[in-house]
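For reference, the structure discussed in these notes is given below.
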Amino acid sequence: PYRAQKAPFQAARLEPDSVRIPMRMHIGAPAQPTVKVGQTVKHGRPIAAVPEGQLGVPVHASIDGVVTEVGEFIRIERRA
């Protein structure tokens with residue numbers, strides 16, 4: 001039988017050193033990068049846009065950092 005048990009909750013903030021964000025995330029058109037390698041980006045800022053007249057969604061940076069790769073994915077590395 002099922003028995004409820006208490007478990008400690010620990011709030012933790014995950015801060016990866018880098019992220020790799022795909023430009024194709026759904027059935028719609030892939031987003032078009034609006035950033036270049038070497039560009040500094042901030043969390044929440046747009047990094048790719050929907051092509052004109054296409055179905056899709058804009059893509060935003062999930063961390064602060066520097067763009068190190070642009071293609072099918074955008075890689076952002078956190079800089080200390």
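Residue pairs whose Cβ atoms lie under 8 Å apart, separated by 6 or more positions or on different chains, with the first residue in the range 38-53 and open to solvent by 80 Å² or more (accessible area, probe 1.4 Å) and the second small (Gly, Ala, Ser) and in a strand (DSSP E or B), are 40/65. Restricting the range 58-74 to residues that are in a strand (DSSP E or B) and under 9 Å from the mean Cα position of the chain (by Cα) leaves a set whose member that is surrounded by the fewest Cβ atoms within 10 Å (Cβ to Cβ) is 60. When the residues of the range 17-31 are narrowed to those that are part of a loop (DSSP other than H, G, I, E, B) and among the small types (Gly, Ala, Ser), which ends up modelled with the highest pLDDT? Looking at residues that are part of a loop (DSSP other than H, G, I, E, B) and among the small types (Gly, Ala, Ser), I get 31.
If you go through the range 36-52 one residue at a time, do you hit one that is in a loop (DSSP other than H, G, I, E, B), of a type in the set (Asp, Glu) and at pLDDT below 95?
Looking through the range 36-52, at least one residue is in a loop (DSSP other than H, G, I, E, B), of a type in the set (Asp, Glu) and at pLDDT below 95.
The values are calculated or read from the model by the stated rules, or taken from the named source; none is laboratory data. Just so it is clear, the structure is predicted and the values come from calculations on it, not from any experiment. Note that we place each Cβ from the backbone using ideal geometry, even for glycine, and neighbour counts take in every protein chain shown. Calculation scope for accessible area: heavy atoms of the full protein, side chains included, ligands and nucleic acids excluded. Shrake-Rupley method; radii C 1.70, N 1.55, O 1.52, S 1.80 Å.
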